[in-house]
Amino acid sequence: MSRNNLLRWLKYHPIAKIVKGTRFIPFKTPLRQEYFDRLNKSFGNDCLFKVETLIQYVESLGKTLGLVIDLTATNRYYDPQLYDSYNIKYVKLACKGHYVDKDTNAANRFINIVSRFLHDNADNDNLIGVHCTHGINRTGFLICKYLIEVCGISPHDAIKS
């Protein structure tokens, strides 16, 4: 990620609230320490958002993260094996930015991944973390798609939630 892209990434909140009435928790991509090493001189440690930061935040809510769905089209931002050490399932669903709305296969796969997780975890309330680079476009679109197509929520209410 270039310095300009990092500066843009910093503008977005790291983690959103749990989507009302669901187990979804949207967030932006956590980054490896090396990305922050480039920025810390200018911004201090306030900009840090790593996998560990995400886990600590979810635990502070008294919740458990059970699944992370990574929608980025790259593997360079962090090591997904970090989730294994926390017993969190990780699924890579690579979606090219600005095209997810045209990719029906990605939407269908997302719905299947979430539905399978919810079925397998019906006995708990483990959260489903979903992220793209900034935690907005691909993340929001696919969560809304799930809410509309599976939960029967109106598009207006899905976006609002």
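For the reader, a short list of remarks on this structure follows.
- Qualifying residue in the stretch 81-89 (condition: loosely packed, with under 13 Cβ neighbours inside 10 Å, modelled with pLDDT of 90 or more, acidic (D, E) and not in a helix (DSSP H, G or I)): no
- Meets criteria (of a type in the set (V, I, T), buried (at least 16 other Cβ atoms within 10 Å of the Cβ) and within 23 Å of K20 (Cα to Cα)) for I153: yes
- Among (1) modelled with pLDDT of 90 or more; (2) closer than 23 Å to W9 by Cβ; (3) surrounded by 17 or more Cβ atoms within 10 Å (Cβ to Cβ) - the single one Y146 does not satisfy: (2)
- Close pairs from the stretch 140-161: first touching a residue at least 12 places away in the same chain (Cβ under 8 Å) and farther than 13 Å from D101 by Cβ, partner of a type in the set (S, T, Y) and in a helix (DSSP H, G or I), Cβ under 8 Å, at least 6 apart: V150/S115
- The residues of the stretch 123-150 that are over 18 Å from K20 (Cα atoms) and among the hydrophobic types (A, V, I, L, M, F, W, C) amount to a single one, C132.
- Yes/no for E34 being at pLDDT below 95 and at negative phi: yes
The values are calculated or read from the model by the stated rules, or taken from the named source; none is laboratory data. Remember, it's a predicted structure, so these values are computed and weren't measured experimentally. Note that each Cβ is placed from the backbone with ideal geometry, even for glycine, and that neighbours are counted across all protein chains shown.
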